[in-house]
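The values are calculated or read from the model by the stated rules, or taken from the named source; none is laboratory data. Since the model is a prediction, treat every value here as computed from it, not as a measurement. Here the Cβ positions follow ideal geometry from the backbone for every residue, glycine too, while neighbour counts run over all protein chains shown. Accessible surface is based on the protein model in full, side chains and every heavy atom, while ligands, DNA and RNA are left aside. Shrake-Rupley method; radii C 1.70, N 1.55, O 1.52, S 1.80 Å.
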Amino acid sequence: MEIKKYSSYAEIDRDLEILKLEKQISYQKLVLSIQKTKDSITPENIVQGFFDSYKNLLSNSFVSILKSIVPYIISYFINKKRGD
């Protein structure tokens, strides 16, 4: 990092003001991030996330189970109707 040379106190004050504003912006971003995290960690959101993950897993499994069981069910009813 190169050392910056100032020619007046006004330049120093301007850079200090910029740094102060950047610090405030970073602080507000941090506060907002913490608030969003707090809002997302509620019992409702945790339970909803839990059920959403299992819903996707079960819905994919349910379709594959149906695809494998339906032919047996159809053949059962066809054979039952014939009296076999």
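Remark: spin-label model distance Arg14-Lys55 equals 5.6 nm, labels positioned 7 Å along the Cα→Cβ axis. Principal-axis analysis of the Cα atoms of the chain puts helix 9-40 at an angle of about 20° to the longest axis. Set the Cα radius of gyration of the stretch 1-48 against 2.2 N^0.38 Å, with N its number of residues, and you get 2.03. The length gained by stretching the chain between Gln48 and Ser68 to full extension, at 0.36 nm per residue less their Cα-Cα distance, is 4.2 nm. Note on the chain: Lys pairs 8 or more places apart or on different chains, Cα atoms under 26 Å apart, count 14. Taking only the Cα atoms of the chain, the radius of gyration and Dmax are 32.4, 104 Å.
Think of a 1.4 Å ball rolled over the protein heavy atoms: the chain then has 98 Å² of accessible area per residue. Positive-end ranking of Ile34, Ile18, Tyr54 along the dipole of the chain, with charges on Cβ about the Cα centre, is headed by Tyr54.
Compared with the dominant principal axis of the Cα atoms in the chain, helix 43-82 is inclined by about 20°. Per-atom-type breakdown for the chain gives carbon and sulfur 65% of the accessible area (1.4 Å probe, protein chains only).
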